[in-house]
Structure formats: C-alpha cells, structure tokens
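S.K.: Would you mind keeping the following structure in view while I ask a few things?
Values quoted throughout were computed directly from the atomic coordinates according to the rules given, and no laboratory measurement underlies them. Note that the coordinates shown come from a computational prediction; the quantities given were computed from them, not determined experimentally. Neighbour counts run over all protein chains shown; Cβ positions are idealised from the backbone, glycine included.
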Amino acid sequence: MATPTTITTLAALREAEAACTRCPLFRKATQVVPGEGKTKARLMLVGEQPGNDEDLTGRPFVGPAGRVLDRALEEAGIDRAEAFVTNAVKHFKFEPRGKRRLHQRPDAYEIERCRWWLDLEREIVKPALVVALGATAARSLFGRTVTVSGLRGEVRTLADGGRVLVTIHPSFLLRIEDERAKAAEFGRLVEDLKVGARFLKRAA
Ligand code: SF4
C-alpha cells in the first residue's frame, strides 16, 4: 500500500482507499466510499460512515440522510458542490437482517484505523473549516470521545490547528417521529451550519 508521503492527490487517495485492509470492514462491504468534491474546497463535511445506498453507489451522502443534509445546506446558504463530502469511516458496517442490511455504528478501533484516510483528505484538501456531522466524525477529528451537545454550534480548534464545527448527523432527524420535534431539530442543524457559513465568509 502507498505510504502517506506518496499520496498527494485525491485520485491516488481513492486508489489507496480501495485497497485498504486496515480494519475488517472492507470484507463485507460492496466497495469503499471515498470522499468527493473539490480538491481545494474550503469546507469539508464529515459524516459517520456510508449507509446502504452509499455502499451500493460508492458515493457519500446520497441516501435519505444525504437528502436531509442537502436541504439543510441549502437553507444555510451553503452550496454542496463547493464542499468536500466524506465520512469518518469509509466502509459500510452493517448487520444482515433477512434481505435488509441494518446499520451498525463503527467502534473506536475502526474509527481510529480509518482516521488515517480522513487525515490524508484533510492534508490534501486543506479546508478552512471541517463540519463534523455527529459523534463518530467528532470522535475521529478530536481523537477522543466527545459529546455533540457540549460542542455543537461553535467553531473549535483541533490540536493540529484545524478548525472544526460540530453538529448532529442528519440521520438523527430520520429517527424522530414527532413532526414538531423533527422540525425544531432541523432548524438547529441549519443554525449550526449557518455558523459555519459565517465563519467561512469571515475567513475569506
Ligand atoms: S473502514 Fe477504513 S480502515 Fe477499515 S478497511 Fe475500510 S477504508 Fe480501511
């Protein structure tokens, strides 16, 4: 496998990720789901891991959670096409249940092993701001367990100097049944993303 020093482009990164065996998740997934977007995007969005649709298409955030994210980005005045979109863990972790594949949360070991790729993405893209969508992304970026509610809505600085905004993962909204509660949480997600949009405007 290529070493970090020989991977300097997103194309080389995608190729190396496709051959990754750093944790067991590559065994059952259909394919790796690399990040996608502009090479020098100022904004990087990091989710948890690919879901069923992402695993089948090989693209991040194209399923139901991706549609929630798209709507929230639009309301926050952020153009997804200008961002780099990726996940903390690049292979789909699931439990087969009949014909369905039920999402399983990646564990600390898998997040840690896959951080190698997220670090390389950050190194190549050099975003001015990374948005951590949910606890897994935040865990990967901070290198430790953090609570989303304690950190969300404010731009923070990582040990390596990177700037990070923590918010919820859009799939959280899909699990809320009460429509008013769902709308309120969606509004909070949009407000968090607006903090990011304002930060990027100031940093321009
Ligand atoms: S989840 Fe990440 S570390 Fe594990 S095999 Fe896939 S690309 Fe490699």
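S.K.: Using the Cα gyration tensor of the chain, with a ≥ b ≥ c the square roots of its eigenvalues, what is the shape: rounded (a/c below 1.5), prolate (a/b larger than b/c) or oblate (neither)? The partial results should precede the final answer.
M.R.: On the way: a/c = 1.62, a/b = 1.11, b/c = 1.45.
Judged from the Cα gyration tensor, the chain comes out oblate (a/c at least 1.5, b/c at or above a/b).
S.K.: Spin-label point model (7 Å from Cα, Cβ direction): what's the Thr21 to Ala128 distance in nm?
M.R.: Here the answer is 4.3 nm between the modelled labels.
S.K.: Further, regarding this structure: At 222 nm, what value in deg cm²/dmol follows for the chain if DSSP H runs of at least 4 each add -39500 (n - 2.57) and the sum is divided by all its residues, to the nearest 500?
M.R.: Details: 8 runs with 86 residues, N = 204.
Helix contribution divided over all residues of the chain: -12500 deg cm²/dmol.
S.K.: Using the Cα gyration tensor of segment 150-204, with a ≥ b ≥ c the square roots of its eigenvalues, what is the shape: rounded (a/c below 1.5), prolate (a/b larger than b/c) or oblate (neither)?
M.R.: Taking the square roots of the gyration eigenvalues as a ≥ b ≥ c, segment 150-204 is prolate.
S.K.: So, in segment 23-203, how many Lys pairs have Cα atoms under 13 Å apart, if the pair is 8 or more places apart or on different chains?
M.R.: Number of lysine pairs found: 4.
S.K.: Considering only DSSP beta bridges where both residues belong to the chain, give the percentage that are antiparallel (nearest 5).
M.R.: Bridges in the chain are about 40 percent antiparallel.
S.K.: Another question about this same structure. Highest first, please rank the peptides 86-93, 30-37 by the mean number of other Cβ atoms sitting within 10 Å of their residues.
M.R.: The densest-packed peptide leads the list: 86-93, 30-37.
S.K.: Rounded, prolate or oblate: which fits segment 1-105 when a ≥ b ≥ c are the square roots of the eigenvalues of the alpha-carbon gyration tensor, with rounded for a/c under 1.5 and prolate only if a/b beats b/c?
M.R.: Since a/c reaches 1.5 but b/c is at least a/b, the shape of segment 1-105 is classed as oblate.
S.K.: Calculate the spin-label point distance for Ala159 paired with Asp53, positioning each point 7 Å from the Cα along the beta-carbon direction, and give it in nanometres.
M.R.: Computed distance between label sites Asp53 and Ala159 equals 3.7 nm.
S.K.: Restricting to DSSP loop positions (anything but H, G, I, E, B) with no more than 12 other Cβ atoms inside 10 Å of their own Cβ, which trypsin sites (Lys or Arg not before Pro) remain in segment 167-199?
M.R.: Values: sites: Arg175, Arg180, Lys182, Arg188, Lys194, Arg198; in loops: Arg175.
When the trypsin sites (Lys or Arg not before Pro) of segment 167-199 are filtered for loop state and at most 12 Cβ neighbours within 10 Å, Arg175 remain.
S.K.: Another one. Per-residue counts of other Cβ atoms within 10 Å, averaged by peptide: what ranking do you get for 165-173, 129-137, highest first?
M.R.: Packing order, densest peptide first, comes out as 129-137, 165-173.
S.K.: Now for a separate question. Quick one: if you stick a label point 7 Å off each Cα along the C-beta vector at Lys38 and Asp119, how many nm between them?
M.R.: So the label points at Lys38 and Asp119 sit 2.7 nm apart.
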